[in-house]
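Each remark here refers to the structure printed beneath this line.
The values are calculated or read from the model by the stated rules, or taken from the named source; none is laboratory data. Note that the coordinates shown come from a computational prediction; the quantities given were computed from them, not determined experimentally. Reconstructed Cβ throughout: ideal geometry from the backbone, glycine too, with neighbour counts over all protein chains shown.
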Amino acid sequence: MTPAIRTVGLVKDYGKVRALDGLDLEVESGQVFGFLGPNGAGKSTTIRLLLDLLRPTAGTVEVLGQSPREGGPALRARIGYLPGELGLPSRKTAGEYLHYLARLRGGRGAARIDDLAKRFGLQLDRPLRALSKGNKQKVTIVQAFMHDPELLVLDEPTSSLDPLLQMEFRRLVDEARERRATVFLSSHVLAEVEEIAGSVAIVRAGRVVDIDDVRALRERAGQDVLIRFASPVDAAEFAGLPGLTDVVVRGTTMTCRLHGEPDALLRVAMAHHVVRWQSQDRDLEDLFMDFYRDVVPDDAVAPDAAPPPDDAAAGAVAPADEEVVR
């Protein structure tokens, strides 16, 4: 099966600053895939290259089996794009804007506007200029999902949503998964990605430094363990135990990091009188930060550049104050 997304040796320079430095990535069709990294790591630059909003300095990129440049508007009509920030036309209502986008897609998605608006509590008759940031976020979600695209490219999709609407968004992603759409979710909120993604890539300084499924990453993240004994213990007893790192003993209290099964640790601990045992799963965010302990200099990675006008992304000409997403 042709991958939904494939990049090989992808490089993007902004003048003398390199934002992507040979990024290799492959996302299988029908997969919910997380793309993780802090601001400036190259996530948004990658997305703009996938959508032909930017052109690469070097390397190749394919989306749904085609070059974004050669696929043009026909390819972008198969994609739902939710940008991190979307400039909305001030003179239209939410409903007028969404139906306008549906017309650009040949009518696709018009039938779903009312249902999606109801699910997210979006008032279609309100002018876009009067909407709060959260309500504008609802508009961007509706426009991305309403035409049932084959590929959803979502850049920080829930940044302005309350917890209940975040749950509704996850249901939308589940529905897309059920119809075998591919979801490419870029985020720096790891809890969000952990909730809905099957596999994730971690990007640092414009390169993918790890790709794994969420469960394996969870196991690699491990857990922090605290054991309190009735009397002092010797740290040497715990040295070299499988999966055990960062062992610190202070009198009757031992802390450590455990990766894998706790059997060996329990056997040694049971030789003493244990008065307290506490373990806490590490967040994927902790694992993510492990990849950034030896950070590159701040000027080694470019801040993601501002995109060109989105009428180029849509393959259509829009009124001067309108941004088009297709």
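At least 1 residues being more than 21 Å from the chain's Cα centre (by Cα) and free of Cβ contacts under 8 Å to residues at least 12 places away in the same chain is the threshold, and among the helices (runs of 4 or more DSSP H) wholly inside the stretch 85-167 those reaching it are 94-104, 113-119. Name every residue in the stretch 30-60 that is more than 12 Å from the chain's Cα centre (by Cα), under 19 Å from LEU86 (Cα atoms) and among the aliphatic types (A, V, I, L, M), in order of residue number. Selection gives LEU49, LEU50, LEU51, LEU53, LEU54.
Per-residue answers, yes or no, for (1) among the acidic types (Asp, Glu); (2) over 36 Å from the mean Cα position of the chain (by Cα):
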{"residue": "GLU219", "(1), (2)": "yes, no"}
{"residue": "PRO242", "(1), (2)": "no, no"}
{"residue": "ASP263", "(1), (2)": "yes, no"}
{"residue": "ALA271", "(1), (2)": "no, yes"}
{"residue": "VAL274", "(1), (2)": "no, yes"}
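Of all residues in the stretch 168-196, those that are touching a residue at least 60 places away in the same chain (Cβ under 8 Å), assigned to a loop (DSSP other than H, G, I, E, B) and surrounded by fewer than 20 Cβ atoms within 10 Å (Cβ to Cβ) total 2. Is it the case, given these coordinates, that LEU75 is within 25 Å of ASP24 (Cα to Cα), in contact with a Leu (Cβ under 8 Å, 6 or more places away or on another chain) and either surrounded by fewer than 18 Cβ atoms within 10 Å (Cβ to Cβ) or among the aliphatic types (A, V, I, L, M) (or both)? Against the criterion (within 25 Å of ASP24 (Cα to Cα), in contact with a Leu (Cβ under 8 Å, 6 or more places away or on another chain) and either surrounded by fewer than 18 Cβ atoms within 10 Å (Cβ to Cβ) or among the aliphatic types (A, V, I, L, M) (or both)), LEU75 qualifies.
Among the residues of the stretch 201-223, is there at least one that is surrounded by fewer than 16 Cβ atoms within 10 Å (Cβ to Cβ) and part of a loop (DSSP other than H, G, I, E, B)? Looking through the stretch 201-223, none of the residues is surrounded by fewer than 16 Cβ atoms within 10 Å (Cβ to Cβ) and part of a loop (DSSP other than H, G, I, E, B). ILE113 passes every criterion in (1) buried (at least 20 other Cβ atoms within 10 Å of the Cβ); (2) touching a His at 6+ places or on another chain (Cβ under 7 Å); (3) modelled with pLDDT under 95 apart from (3). Number of residues in the stretch 1-25 that are part of a strand (DSSP E or B) and over 15 Å from GLY206 (Cα atoms): the value is 2.
Scanning the stretch 123-158 for residues that are of a type in the set (A, V, I, L, M, F, W, C) and under 24 Å from VAL32 (Cβ atoms) returns VAL139, ILE141, VAL142, ALA144, PHE145, MET146, LEU151, LEU152, VAL153, LEU154. VAL189 meets the conditions (1) farther than 13 Å from PHE33 by Cβ; (2) modelled with pLDDT of 90 or more; (3) out of contact with any Cys (no Cβ under 6 Å at 6 or more places or on another chain); (4) of a type in the set (A, V, I, L, M, F, W, C) in every case but one. The failed one is (2). Of the residues making up the stretch 178-199, just one is over 18 Å from SER159 (Cβ atoms) and of a type in the set (Val, Ile, Thr), namely THR182.
With respect to the conditions (1) at pLDDT below 95; (2) touching a Ser or Thr at 6+ places or on another chain (Cβ under 9 Å), LEU49 falls short on a single one, namely (1).
Residues of the stretch 68-82 being of a type outside the set (Lys, Arg), out of contact with any helix residue (DSSP H, G or I) (no Cβ under 7 Å at 6 or more places or on another chain) and not in a helix (DSSP H, G or I), which ones? Passing the criteria: ALA77, ILE79.
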